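Here's the structure we're looking at; comments come further down.
The values are calculated or read from the model by the stated rules, or taken from the named source; none is laboratory data. In this text, all values refer to a predicted model and were calculated from it rather than measured experimentally. A quick note on method: Cβ atoms are made from the backbone with ideal geometry, for glycine too, and the neighbour counts reach across all protein chains shown.
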Amino acid sequence: MKYDLVVIGAGPAGMSAAIKAASHGATVAIVDENPAAGGKLLGQLYKEPKTGWWIGREVAKSLEEKVKRLGIDYFPENEVWAIFPQWKVLLNHGEELHTDYILLATGAAEKAIPVPGWTIPGVMSIGAAQVLNNFHRVNPGKRIAIIGIDALSLTVANELKLSGAQVIGIYLPPPDDFLDRISNPQQMIAYLSSLADAAPNHFLKFAGKVTQNEFIQKVSAAFYPYRGMKIWGIPLFLRKSILEIEGDKQAEQIKIAKISRDGLPEMESVKTIQVDCVCISGGLYPLSELASAAGCEFAYINELGGHIPLHSQEMETTQTGIFVAGNITGIEGAKIAMAQGELAGTVVSDRLGLLKSGTAIIKKAQARVEKARENALIKFQPDIEKGRELAVQFWDERT
Amino acid sequence: MRIKKHPILGKLEEKEINITFNGREFAALEGESIAAALLANHIRILSYTEKRQEPRGIYCGIGHCYECRVTVDGERSVRACITTVKDGMRIESQGESPK
Ligand SMILES: Cc1cc2nc3c(=O)[nH]c(=O)nc-3n(C[C@H](O)[C@H](O)[C@H](O)COP(=O)(O)OP(=O)(O)OC[C@H]3O[C@@H](n4cnc5c(N)ncnc54)[C@H](O)[C@@H]3O)c2cc1C
Ligand code: FES
């Protein structure tokens, strides 16, 4: 089959791009390995200060309806496993899609924290817990502990509690040189206060609650109470680590230890606590294997979450005709992904000769990405602006 | 484990269907993943590792880690987290449980 544009990934970025291009008259296909359209939208649920509850599955449903209405060919439960030049997209069930333009909107994946016992059933990534809880409506456990303190784990903790599960605490990972950034109480305080500074909103006020507490800010993490501080009634432990998860057939208990001023576990303080589920939040990284397989050039930009395909301000990679949008370009929220998708869809429409005053329309779409970024409610990466500047710089240096 | 009533998302209204897991019959809801249906029935172990027969269950929930492999209607290594249940589906855990 031959298309103007093949979009890989039916998350907010991919669907928005497909809708934009198809509404300008392009023939579009969209492929996703998941049976449900929406990508990471499916599990999202939180209250926004102005517009009320953001219910990701409903946003996903309305995007999917538009995709269908516009006659876009949608291939759910199909994994793209190869891309060949100019351009041929191969799906795992044998289908071949031929196309002039490709959009890679494969989103993000989660980093693991290999705590001893992390493979026991009942231990899962925070994202798995989010999808089970908010999309499938099954509590991942009744007594849940969370390892890893970040914007996502705090959001999901609140969602779990909202649905009736008991979250017994959010803890640091075990101290480890490789994990220092996320296992050291001092660095955690700095991170939380950067979140609070970055978010002029109500969602991350809790981080403010912790870090704007002058006492703690002044005297540093060493004086953060061992018993934790409660956020939405959930204890947040910046001075306790989960050292190990135990259980024969499934997670039954965790071993926790107090963390000293210098970030070391105090072994005499080790305690065992009963749980039936442990969620691990190790942070997100852009999922970009396909871009690499297609020969796109990359840069490592820590502020964006990892290796990202270099791309122009029009979202095109170093491979002519291959575009990117959404979390593959850096870890940010859903609304930014949607704006990026619309931008990419607009640029592709222009390349196809479907727009009259393309340049002006593209400019507007670019401005909408910036606007979405300014208004972002959840910041996954504290220095995202710097990351974006670096991405532009790397691109310019190259050309 | 099912969240029948949710303060924001409302009531669960999906239709009930039947699946079997290792020969036993269980209720599932239309549209959910195999992994979600089994967890709702308190089943966490989806497979056992080949060499050491260690139990494994859902980890990533989005099709990346392959820890949730099950056999579905005779087809091996189907990912339970991204496969939707169907009425009458026969699911089996993969690998051998320790004796
Ligand atoms: C666990 C988790 C929780 C998050 N929670 C929030 C939140 O609460 N709020 C928020 O604003 N943001 C959240 N995010 C950030 C989230 O990534 C963005 O909000 C947004 O969903 C990114 O959109 P996207 O379209 O780039 O990618 P995604 O939404 O990730 O969609 C990518 C899609 O591509 C598909 N795909 C990937 N590779 C292939 C392939 N080879 N073949 C076929 N299909 C493929 C995937 O199945 C997926 O459906 C979260 C991210 C993660 C990982
Ligand atoms: S849980 Fe990771 S692939 Fe299914």
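Quick check: is even one residue across the range A:321-341 of a type in the set (A, V, I, L, M), assigned to a helix (DSSP H, G or I) and more than 9 Å from ligand 1 (Cβ to nearest atom)?
Yes - at least one qualifying residue is present in the range A:321-341.
List the residue pairs whose Cβ atoms are under 8 Å apart, where the first residue sits in the range A:134-150 and is more than 14 Å from chain B (Cβ to nearest Cβ), the second is of a type in the set (Phe, Trp, Tyr) and part of a loop (DSSP other than H, G, I, E, B), and the two are 6 or more positions apart or on different chains.
Between residues of the range A:134-150 that are more than 14 Å from chain B (Cβ to nearest Cβ) and residues that are of a type in the set (Phe, Trp, Tyr) and part of a loop (DSSP other than H, G, I, E, B), the close pairs are A:Asp150/A:Phe380.
Looking at (1) more than 20 Å from A:Gly122 (Cα to Cα); (2) part of a loop (DSSP other than H, G, I, E, B); (3) free of Cβ contacts under 8 Å to residues at least 24 places away in the same chain, which is the only condition B:Lys86 fails?
The number of the failed condition is (3).
Can you tell me which residues in the range A:81-112 are assigned to a loop (DSSP other than H, G, I, E, B) and within 12 Å of chain B (Cβ to nearest Cβ)?
Listed by number, the residues that qualify are A:Asn92, A:Thr106, A:Gly107, A:Lys111, A:Ala112.
Which residues, counting only those in the range A:19-57, are away from every other protein chain (no Cβ under 14 Å), part of a helix (DSSP H, G or I) and either under 30 Å from B:Ala35 (Cα atoms) or more than 14 Å from ligand 1 (Cβ to nearest atom) (or both)?
A:Ala21, A:Ala22, A:Ser23
Would you say B:Gly95 is surrounded by 12 or more Cβ atoms within 10 Å (Cβ to Cβ), more than 10 Å from the chain's Cα centre (by Cα) and away from ligand 1 (no atom under 16 Å from the Cβ)?
Judged against the criteria, B:Gly95 is a match.
Pairs, please: C-beta under 8 Å, at least 6 apart or cross-chain, first residue more than 12 Å from every other protein chain (Cβ to nearest Cβ) and in the range B:21-33, second in a loop (DSSP other than H, G, I, E, B)?
Filtered contacts from the range B:21-33: B:Phe21/B:Asn41; B:Phe21/B:Ile43; B:Phe26/B:Asn41; B:Phe26/B:Ile43; B:Ala27/B:Asn41.
Can you name the condition, by its number, that A:Gly164 falls short on among (1) in a loop (DSSP other than H, G, I, E, B); (2) buried (at least 20 other Cβ atoms within 10 Å of the Cβ)?
(2)
Among the residues that make up the range B:12-35, is at least one of them under 20 Å from A:Val138 (Cα atoms), within 16 Å of ligand 1 (Cβ to nearest atom) and at pLDDT 95 or above?
Yes, the range B:12-35 contains a residue that is under 20 Å from A:Val138 (Cα atoms), within 16 Å of ligand 1 (Cβ to nearest atom) and at pLDDT 95 or above.
Hey, can you tell me all the residues within the range B:49-92 that are more than 24 Å from B:Asn18 (Cα to Cα), of a type in the set (Ser, Thr, Tyr) and crowded, with 17+ Cβ neighbours inside 10 Å?
Hit for the range B:49-92 is B:Tyr59, nothing else.
Just to verify a result, which residue in the range A:63-80, among those that are closer than 27 Å to A:Thr318 by Cα and within 13 Å of chain B (Cβ to nearest Cβ), is surrounded by the most Cβ atoms within 10 Å (Cβ to Cβ)?
Here the answer is A:Val80.
Output the number of residues of the range B:69-83 satisfying the condition of being within 15 Å of ligand 1 (Cβ to nearest atom) and not in a strand (DSSP E or B).
Result for the range B:69-83: 3.
Looking at the range A:250-268, which of the residues that are among the aliphatic types (A, V, I, L, M) and not in a loop (DSSP other than H, G, I, E, B) is farthest from B:Ser97 (Cα to Cα)?
Going through the qualifying residues, I end up with A:Ile259.
In the range B:4-19, which residues are away from every other protein chain (no Cβ under 13 Å) and β-branched (Val, Ile, Thr)?
Those that are away from every other protein chain (no Cβ under 13 Å) and β-branched (Val, Ile, Thr): B:Ile17, B:Ile19.
Suppose we keep only residues that are modelled with pLDDT of 90 or more and of a type in the set (Lys, Arg) within the range A:36-57. Which one would you say is farthest from A:Ala151 (Cα to Cα)?
Applying the filter and picking the extreme gives A:Arg57.
Which ones in the range A:96-130 are farther than 30 Å from A:Ile19 by Cα, more than 14 Å from the chain's Cα centre (by Cα) and within 15 Å of ligand 1 (Cβ to nearest atom)?
Scanning the range A:96-130 gives A:Ile113, A:Met124.
With the checklist (1) within 16 Å of ligand 1 (Cβ to nearest atom); (2) at the interface with chain A (Cβ under 8 Å from one of its Cβ atoms) in hand, flag the one item B:Tyr66 doesn't pass.
Of the numbered conditions (1) within 16 Å of ligand 1 (Cβ to nearest atom); (2) at the interface with chain A (Cβ under 8 Å from one of its Cβ atoms), the odd one out for B:Tyr66 is (2).
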